[in-house]
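Asks: Starting off with a structure, shown below.
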Amino acid sequence: MSTLEIRDLHVSIATDQGPKEILRGVDLTINKGEIHAIMGPNGSGKSTLAYTIAGHPRYTVDSGSITLDGEDVLAMSVDERAKAGLFLAMQYPVEIPGVTVSNFLRTAKTALDGEAPPLRSWVKDLKSSMEALRMDRGFSERNVNEGFSGGEKKRHEIVQLELLKPKFAVLDETDSGLDVDALKIVSEGVNRVKESTGLGVLLITHYTRILRYIKPDFVHVFVEGRIAEQGGAELADRLENEGYDRFVTETPVA
């Protein structure tokens, strides 16, 4: 069974006033097939955790560890992390002018597998995934995210997830900017990948609405750079009713 394990993780960023600590000792273990939701107020460090797992150079790991099946993730480059089975769906997917969706996806799949997928089966898989996410096939020949609406960008992220088949996916506020229909379609895509591949999911969100469609096994309350409380799906409903005031003791960290 694959396991993504985070132990006593401390992370900072450089500022004009010197290093600023954002993550203050995060412990989290995600096993294959599990869905973990991280909820918390703005500035609590949720996205910092996502980008640290992915290897964003802005963040400095001061201490602690991240391992994937016992291998040191922090020693890996960004592309090595992807090849090892980590995937990040970004809160704000970027545009890539001059690179079509079809070329981007096939190049990524080739890099991960070490060989290009057979063209016939690849075209079939791409078509099937786009249809399931209700994306017009014409998007495959458009430049990546260029001119896409917010919902179209998020659907494209799930097409990537479905075709690249990582071991673990970090979904950073994938629900932001989605209307009710798009939210349901995107959620169904995540659930479909989980059921077919045993994907482990770290789902970062402010709201419970996506958790109506993607049922979490565990919910973690993230406040001031650390996990303040954790429990089952019922904890999300409690947060919806009570908010985060009882956890917050100081100014947000990031």
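Asks: Can you give the extra length, in nm with one decimal, that the chain gains between N42 and Y207 once fully stretched, where that is 0.36 nm per residue apart less the Cα-Cα distance?
Replies: Details: separation 165, 0.36 × 165 = 59.40 nm, distance 1.17 nm.
Between N42 and Y207, full extension yields 58.2 nm more.
Asks: Taking the Cα centre as origin and putting +1 on Lys and Arg beta-carbons and -1 on Asp and Glu beta-carbons, what dipole magnitude results for the stretch 108-147, to the nearest 20 debye? Could the numbers behind the result be given before it?
Replies: On the way: 7 positive and 7 negative charges, 31 e Å.
So the magnitude is around 160 debye.
Asks: I would also like to ask the following. Could you point to the residue in L239, G151, S121 farthest towards the positive end of the chain's charge dipole, with +1 and -1 charges on the Cβ of Lys/Arg and Asp/Glu respectively?
Replies: The residue sitting farthest along the positive end of the dipole is S121.
Asks: From the cross-link list K165/K194; K32/K127; K32/K165; K46/K109; K127/K165; K153/K215, which pairs have alpha carbons spaced over 21 Å apart?
Replies: Details: K165/K194 9 Å; K32/K127 27 Å; K32/K165 13 Å; K46/K109 28 Å; K127/K165 16 Å; K153/K215 23 Å.
Distance filter (> 21 Å) returns K32/K127; K46/K109; K153/K215.
Asks: Let me ask you something else. Work from the charge dipole of the stretch 1-145 (Cβ charges, +1 for Lys and Arg, -1 for Asp and Glu, about the Cα centre) and give the residue of T15, M135, V94 farthest towards its positive end.
Replies: With unit charges placed on the Cβ atoms, the residue in question is M135.
Asks: Need one number: % antiparallel among DSSP beta bridges in the chain, to the nearest 5. Write down the numbers at each step before the final one.
Replies: Values: 27 of 45 bridges.
For the chain, the DSSP antiparallel bridge percentage is about 60.
Asks: Related question: Output the relative contact order of the stretch 16-103, whole-number percent, from Cα pairs under 8 angstrom with separation of 6+ residues. Please list the in-between numbers first.
Replies: On the way: 40 pairs, mean separation 17.9, N = 88.
It rounds to 20 percent for the stretch 16-103.
Asks: So if I average 1/r over every pair of distinct C-alpha atoms in the stretch 69-168 and take the inverse, what Kirkwood radius in Å does that give?
Replies: Numbers: mean 1/r = 0.0702 Å⁻¹.
It is 14.2 Å.
Asks: How many nm is it between the label spots at N103 and R7, if each spot is 7 Å from the Cα in line with the beta carbon?
Replies: Inter-label distance under the simple model: 4.4 nm.
Asks: Counting only protein heavy atoms and a 1.4 Å probe, tell me what percentage of the stretch 103-254's accessible area is made up of carbon and sulfur. Please list the in-between numbers first.
Replies: Details: 3470 of 7300 Å².
That fraction is 48 percent.
Asks: With the contact rule set at Cα under 8 Å and sequence spacing of 6 or more, what percent relative contact order holds for the stretch 177-254? Walk me through the numbers on the way to the answer.
Replies: Details: 51 pairs, mean separation 18.2, N = 78.
Relative contact order comes out at 23 percent.
Asks: Can you list, bin by bin at 5 Å, the percent of alpha carbon pairs in the stretch 1-95, starting at 0?
Replies: Per 5 Å bin, starting at 0, the Cα pair percentages come out as 3, 12, 23, 26, 21, 11, 4, 1, 0.
Asks: Counting alpha carbon pairs within less than 8 Å and at least 6 residues apart, what relative contact order, in whole percent, applies to the stretch 104-214? Don't skip to the answer; put the middle values down first.
Replies: On the way: 105 pairs, mean separation 28.6, N = 111.
With pairs under 8 Å counted, the relative contact order is 26 percent.
Asks: What's the magnitude of the charge dipole for the chain around its Cα centre, counting Lys and Arg as +1 and Asp and Glu as -1 at the beta-carbon? Answer in Debye, nearest 20.
Replies: Details: 30 positive and 39 negative charges, 158 e Å.
Using Cβ point charges on Lys, Arg, Asp and Glu, the chain gives about 760 debye.
Asks: Counting pairwise Cα distances across the stretch 115-167, what percent come out greater than 18 angstrom? Present the calculation step by step, with values, prior to reporting the outcome.
Replies: Working: 409 of 1378 pairs.
Across the stretch 115-167, Cα pairs with separations above 18 Å total 30 percent.
Asks: Between Rg and the Kirkwood Rh of the stretch 153-205, both from Cα atoms, what is the Rg to Rh ratio?
Replies: On the way: Rg = 10.2 Å, Rh = 11.0 Å.
Expressed as Rg/Rh, it is 0.93.
Asks: Starting with the highest mean, order 183-192, 166-175 by the number of other Cβ atoms within 10 Å, averaged over the residues of each peptide. Please list the in-between numbers first.
Replies: Working: 183-192: 19.9, 166-175: 24.0.
Averaged packing, sorted descending, gives the order 166-175, 183-192.
Asks: For the stretch 119-254, what is the per residue volume of the convex hull drawn over the alpha-carbon atoms, in cubic angstrom?
Replies: So the per-residue hull volume is 128 Å³.
Asks: For the chain, count the residues as N, evaluate 2.2 N^0.38 Å, and divide the Cα radius of gyration by that value, please.
Replies: Details: Rg = 18.1 Å, N = 254, 2.2 N^0.38 = 18.0 Å.
Ratio of Rg to 2.2 N^0.38 Å for the chain: 1.00.
Asks: When the dipole is taken about the Cα centre of the stretch 7-151, and only Lys, Arg (+1) and Asp, Glu (-1) are charged at their Cβ, what size is it in debye, to the nearest 20?
Replies: Working: 16 positive and 19 negative charges, 96 e Å.
Magnitude of the dipole: close to 460 debye.
Asks: Give the residue from I185, G225, P41 lying farthest towards the positive end of the charge dipole for the chain; charges sit on Cβ (+1 for Lys and Arg, -1 for Asp and Glu) and the dipole is referred to the Cα centre.
Replies: Value: I185.
The values are calculated or read from the model by the stated rules, or taken from the named source; none is laboratory data. Everything numeric here is computed off the predicted structure, so don't read it as measured data. Cβ coordinates were reconstructed from backbone atoms using ideal geometry, including for glycine residues, and neighbour counts include every protein chain displayed. For accessibility, only protein heavy atoms count, side chains too; no ligands or nucleic acids. Shrake-Rupley method; radii C 1.70, N 1.55, O 1.52, S 1.80 Å.
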